[in-house]
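Student: Sharing a structure, written as structure tokens. Questions coming.
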Amino acid sequence: MDNGTTDEKLFYKYQSINKHFFENLSNNQLFFRDPAEFNDPFDCKITLCRKGTKEEWIAYYAANRWEKERIEKKIEDDLKNGKSVKQGEKIVSYLDTNSGILPRVCCFSTRNDSILMWNHYADYHMGVCLCFKPKKSLCADSRSGEINDIYRLTLGSELAELREVKYKDECPGEVNILNLDRIEVGKQVWECFLTKYCEWKYEKEYRMLLFKKYFHGEYVKKYEKNELDGIIFGLKIKRNDAQDVYDKVCEHYMNEEKKVKFYRAKYIKGEYGVEIEKIEEDGIKNYLESLQ
């Protein structure tokens, strides 16, 4: 396995503190969420269809070795039963997208100082933000030839890519899987999962996406402990919660070779903003005692 190289760029995951958080932290695992549970009802929304002339439909089924007579009967039956409709010269069939095509998603950001994200995803600033240091590789774009940075976290024995979310005014269009170019269809499907409305652009989001077949039981995946670089305590975190987080990290992550860094979110005087300050090793006790 090509492990790539480490990079100073960090990816942040805002977290509320609860029993599931402590279970995941103790077991160095990430939870992959169902997009249907996201607060944005347009997120990962995808419309799949088969759209084409009768000749294109015949070619589509013929690729699966159907006989022409059987294909024509199938098309006629679907039109009679309302499974397909005619739009001009083209026949269209809209497909159910609740049949396992949606991936499970784990979300990150390249920001650690967003007031809104601390509020939405870290229990109104009473939670924490995990800091991950991924492995970086270089990859050439097959179309433009440009060299791009690819960031990955280690999940088990595999490297999972952190894919950047794009923010646009318009939703991705229908994905026509009658198109026999599977590579192009795949790109359009991924675009639906990696596009959000432009008003979310402050999140600067990256995602890891995995489909259900890659999970066994619960929707969690283990990451390498040395990829957890640090933890940021929220502005309003409670002393007991901060102490429990610190104790769990010391118990499960700290050794002679590995030290997880600790940070605190602070008010910026005279501004609507927070800044992140590192807590030195000899100052962590005083910080914890200063909390309520």
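Student: Does anyone have the angle between helix 68-80 and the longest principal axis of the chain? Alpha-carbon axes, 0 to 90°, nearest 10?
Tutor: Between the helix axis and the principal axis of the chain, the angle is about 70 degrees.
Student: Which whole-Hz couplings ³J(HN,Hα) result when phi for each residue of the range 85-95 is put into the Karplus expression 6.51 cos²θ - 1.76 cosθ + 1.60, θ = phi - 60°, listed in order with x for Gly and Pro?
Tutor: 9, 9, 10, x, 8, 9, 9, 10, 10, 8, 10
Student: Measure nothing but the geometry: give the 0 to 90° angle between the long axis through the Cα atoms of 239-252 and the longest principal axis through the Cα atoms of the chain, rounded to 10°.
Tutor: The angle comes out at about 80 degrees.
Student: Tell me the label-point distance for the pair Phe38, Leu180, using the 7 Å Cα-to-Cβ offset, in nm and rounded to one decimal.
Tutor: Simple spin-label model gives 3.4 nm for this pair.
Student: Which of the lysines could be linked to Lys68 by a straight reach, that is with a Cα gap under 24 Å, when you skip same-chain ones fewer than 8 residues away?
Tutor: Lys51, Lys54, Lys80, Lys83, Lys86, Lys90
Student: Oh, and also: Calculate the translational D of the chain in whole µm² s⁻¹ from Stokes-Einstein, where the hydrodynamic radius comes from the Kirkwood formula applied to all Cα pairs, the temperature is 37 °C and the viscosity 0.692 mPa s. Could you put the intermediate results ahead of the total?
Tutor: Details: Rh = 22.0 Å.
Estimated diffusion coefficient is 149 µm²/s.
Student: Between Lys261 and Asp149, what is the label-to-label distance in nm when each label sits 7 Å out along the Cα-to-Cβ direction?
Tutor: 1.5
Student: Can you give me the Kirkwood hydrodynamic radius for the range 48-94, using every pair of distinct Cα atoms, in Å to one decimal?
Tutor: Result for the range 48-94 stands at 10.6 Å.
Student: Using the Kirkwood radius built from alpha carbon pairs, what does the Stokes-Einstein equation give as D for the range 160-292 at 25 °C and 0.890 mPa s, in µm² per second?
Tutor: After rounding, the answer is 129 µm²/s.
Student: Can you tell me what share of the DSSP beta bridges in the chain is antiparallel? A percent to the nearest 5 is fine.
Tutor: 85
Student: A further question follows. Hey, which of these cross-link pairs are over 21 Å Cα-Cα: Lys225/Lys248; Lys135/Lys238; Lys9/Lys259?
Tutor: Among Lys225/Lys248; Lys135/Lys238; Lys9/Lys259, the Cα-Cα distance tops 21 Å for Lys135/Lys238.
Student: Restricting things to alpha carbons, find the Rg to Rh ratio for the range 63-180 using the Kirkwood radius for Rh.
Tutor: Taking Rh as the inverse mean 1/r over Cα pairs, Rg/Rh reads 1.13.
Student: If the cut-off is a Cα-Cα distance under 18 Å, which aspartates and glutamates reach Lys196, setting aside same-chain residues fewer than 8 apart in sequence?
Tutor: Asp34, Glu37, Asp40, Asp43, Glu164, Asp169, Glu170, Glu174, Glu205
Student: Which residues in the range 116-131 have a backbone N closer than 19 Å to a point placed 7 Å from the Cα of Asn240 along the Cα-to-Cβ line?
Tutor: 123-128
Student: On to the next question. Is it possible to state the helix-based mean residue ellipticity at 222 nm for the chain, with each DSSP H run of 4+ residues giving -39500 (n - 2.57), the sum divided by total residues, to the nearest 500 deg cm²/dmol? What is it?
Tutor: About -7000 deg cm²/dmol.
Student: How high is the FRET efficiency between Ala59 and Lys213 when r is their beta carbon distance and R₀ equals 30 Å, given to the nearest 0.05?
Tutor: Efficiency, rounded to the nearest 0.05: 0.55.
Student: Taking 0.36 nm per residue of separation and subtracting the Cα-Cα distance, what length does fully extending Asn81 through Glu23 add?
Tutor: Between Asn81 and Glu23, full extension yields an extra 15.9 nm.
Student: Where in the chain lies the longest segment free of GluC sites (Glu not before Pro) that are both loop residues by DSSP (not H, G, I, E, B) and have at most 13 other Cβ atoms within 10 Å? Each step should come with its number before you reach the end.
Tutor: Details: sites that count: Glu8, Glu67, Glu89, Glu146, Glu170, Glu256, Glu257, Glu271, Glu280.
It runs 171-255.
Student: Step through the table entries Lys212/Lys258; Lys136/Lys204; Lys136/Lys285, compare each Cα-Cα distance with 29 Å, and write down the pairs that go over it.
Tutor: Lys212/Lys258; Lys136/Lys285
Student: So what J values fall out for the range 38-51 if you push phi through Karplus, 6.51 cos²θ - 1.76 cosθ + 1.60 with θ = phi - 60°, rounded to Hz, Gly and Pro as x?
Tutor: Each residue's phi maps through the Karplus curve to give 5, 6, 9, x, 8, 5, 6, 6, 9, 10, 9, 8, 10, 9 Hz.
Student: Shifting gears a bit: Cα-based Rg (one decimal) and Dmax (whole number) for the range 111-183, in Å?
Tutor: 17.8, 50
Student: Using only the alpha-carbon atoms, how far is helix 182-193 inclined from the longest principal axis of the chain? Give it as 0 to 90 degrees, nearest 10.
Tutor: Here the helix axis deviates by roughly 50 degrees.
Student: Right, something else. Give the calculated FRET efficiency between His120 and Trp190 to the nearest 0.05, with a Förster radius of 22 Å applied to their Cβ-Cβ distance.
Tutor: That pair, His120 with Trp190, gives E of 0.30.
Student: I need the calculated FRET efficiency for the pair Glu281 and Lys168, taking r as the beta carbon distance and R₀ as 51 Å, to the nearest 0.05.
Tutor: 0.70
Student: Quick one: among Met254, Met126, Met117, which has the greatest mean-square fluctuation in a GNM of the chain with alpha-carbon springs under 10 angstrom?
Tutor: Met254
Bear in mind that the values in this text are calculations on the coordinates, not laboratory data. Everything numeric in this text was worked out from a predicted model, so none of it was measured. Because the Cβ atoms are built from the backbone with ideal geometry, glycine has one as well, and the counts that use them run over all protein chains shown.
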